[in-house]
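The block underneath contains the structure these notes are about, expressed in structure tokens.
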Amino acid sequence: MNSHEKMLGILDLFDSGEDAVAVTFEEMHERLGYTRSTLYRYLKTLTDAGLLTSLPSVGYMLGPRIVELDYKIRTGDVLIRAARPVMEELASQFRGIALLCRRYRFDVLCVHQESGTDTIHSNYERGRRRSLLHGAASLGILAYLPDHQLRKFYGLVPEQFAAAGLGTTLKEVKAALREHRQRGWVSTTGDVTPGVTGVAAPVFDSRSEILGSLSLTLRDSRTNSKMIENVAERVVFCAGIISKTVARS
């Protein structure tokens, strides 16, 4: 890695788990293996840029610039702005929780949530990342990955595809995902959160490439096959509106 990649690698330390809130200098030195002088120099640069901040008794934490950038994303992101109105309507109509997710590497990141009920709670909140292999919001994206990316992903974790029930060979995985594409939506029950059913549809960019997914989470006790089909029809319609709005932006 060059020096810029090494410096940015410090930020990856805060991505190693949801409890990775603060990291001390000594922990960084041990985990990264940089010389102390190099690490001090990188930390000064990141701190001056506002990407990191520090407290003497705690260590280094993500800095105020991250918060500022997050505000700009929440208020100015084209995808979120296009999705928010239809998500509010969808969540209210079916008394569920609408989630907007984006593909992030070989994971899925929730970027916005709208709730139309207080009877269920989704901890899949903005900023939380999950596997592409579990849950309707994830499978709604996975089904549309380009072939070369799917091959690469499968090659990295074939055992995880099998554990997720998608198949023990790449051919079987492709067949399972093809069924999702042909239907146009994905439904799972209790795959991520017990007692809830998720229904998701893909969201595309202006080049018709997969960008993310729109999903609705409902209490499992309120669902049946007919209701799921009705919900799916509406979710697909709303996802289409978002895709068209993004394409025109």
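The values are calculated or read from the model by the stated rules, or taken from the named source; none is laboratory data. Remember, it's a predicted structure, so these values are computed and weren't measured experimentally. Cβ sites come from the backbone with ideal geometry, for glycine too, and all protein chains shown count toward neighbours. To get the accessible areas, we keep the full protein, side chains included, count just its heavy atoms, and leave off ligands, DNA and RNA. Shrake-Rupley method; radii C 1.70, N 1.55, O 1.52, S 1.80 Å.
Take the residues in segment 86-96 that are in contact with a Gly (Cβ under 7 Å, 6 or more places away or on another chain) and either outside any helix (DSSP H, G or I) or of a type in the set (D, E, K, R) (or both); name whichever of them is most open to solvent (accessible area, probe 1.4 Å).
Only one residue fits best here, namely Arg95.
Restrict the check to segment 38-49 and report whether at least one residue is within 30 Å of Ile242 (Cα to Cα), part of a helix (DSSP H, G or I) and not hydrophobic (A, V, I, L, M, F, W, C).
In the first step, residues of segment 38-49 are kept if they are within 30 Å of Ile242 (Cα to Cα); the result is none.
No.
Against the definition (open to solvent by 70 Å² or more (accessible area, probe 1.4 Å), not hydroxyl-bearing (Ser, Thr, Tyr) and not in a helix (DSSP H, G or I)), how does Met61 come out, yes or no? Explain how you work it out, then say what you get.
Details: open to solvent by 70 Å² or more (accessible area, probe 1.4 Å): no; not hydroxyl-bearing (Ser, Thr, Tyr): yes; not in a helix (DSSP H, G or I): yes.
So Met61 does not fit the description; no.
Scan the strands (runs of 3 or more DSSP E) fully inside segment 97-200 and keep the ones with 2 or more residues being in contact with an Asp or Glu (Cβ under 8 Å, 6 or more places away or on another chain). Steps first, answer last, please.
Working: elements: 97-104, 107-115, 129-131, 186-189.
Passing ranges, in order: 97-104, 107-115, 129-131.
For Ile120, indicate whether it is in contact with a strand residue (DSSP E or B) (Cβ under 9 Å, 6 or more places away or on another chain), farther than 30 Å from Leu170 by Cα, surrounded by fewer than 20 Cβ atoms within 10 Å (Cβ to Cβ) and β-branched (Val, Ile, Thr).
On the way: in contact with a strand residue (DSSP E or B) (Cβ under 9 Å, 6 or more places away or on another chain): yes; farther than 30 Å from Leu170 by Cα: yes; surrounded by fewer than 20 Cβ atoms within 10 Å (Cβ to Cβ): yes; β-branched (Val, Ile, Thr): yes.
Yes.
Exactly one condition in (1) open to solvent by 50 Å² or more (accessible area, probe 1.4 Å); (2) at pLDDT 95 or above; (3) hydrophobic (A, V, I, L, M, F, W, C) is false for Leu211; which is it?
Answer for Leu211: the failing condition is (1).
As an exercise: evaluate Ala175 against (1) within 25 Å of Asp147 (Cβ to Cβ); (2) exposed (fewer than 13 other Cβ atoms within 10 Å of the Cβ); (3) among the small types (Gly, Ala, Ser); (4) under 22 Å from the mean Cα position of the chain (by Cα) and give the number of the one condition it does not meet.
(4)
Return yes or no: is Gln149 modelled with pLDDT of 95 or more, open to solvent by 40 Å² or more (accessible area, probe 1.4 Å), closer than 22 Å to Cys110 by Cβ and among the polar types (S, T, N, Q)?
So Gln149 fits the description; yes.
Restricting the search to segment 112-137, which residues are of a type outside the set (Lys, Arg) and touching a His at 6+ places or on another chain (Cβ under 9 Å)? Steps first, answer last, please.
Going residue by residue through segment 112-137, those that are of a type outside the set (Lys, Arg) are 112-125, 127, 131-137.
Once the filter is applied, which keeps residues that are of a type outside the set (Lys, Arg) and touching a His at 6+ places or on another chain (Cβ under 9 Å), segment 112-137 yields only Ser115.
Look at Arg31 and say whether it is within 30 Å of Tyr154 (Cβ to Cβ), assigned to a strand (DSSP E or B) and either out of contact with any helix residue (DSSP H, G or I) (no Cβ under 6 Å at 6 or more places or on another chain) or open to solvent by 80 Å² or more (accessible area, probe 1.4 Å) (or both). Before the answer, list the steps.
Numbers: within 30 Å of Tyr154 (Cβ to Cβ): yes; assigned to a strand (DSSP E or B): no; either out of contact with any helix residue (DSSP H, G or I) (no Cβ under 6 Å at 6 or more places or on another chain) or open to solvent by 80 Å² or more (accessible area, probe 1.4 Å) (or both): yes.
Considered against the rule, which asks whether it is within 30 Å of Tyr154 (Cβ to Cβ), assigned to a strand (DSSP E or B) and either out of contact with any helix residue (DSSP H, G or I) (no Cβ under 6 Å at 6 or more places or on another chain) or open to solvent by 80 Å² or more (accessible area, probe 1.4 Å) (or both), Arg31 comes out as no.
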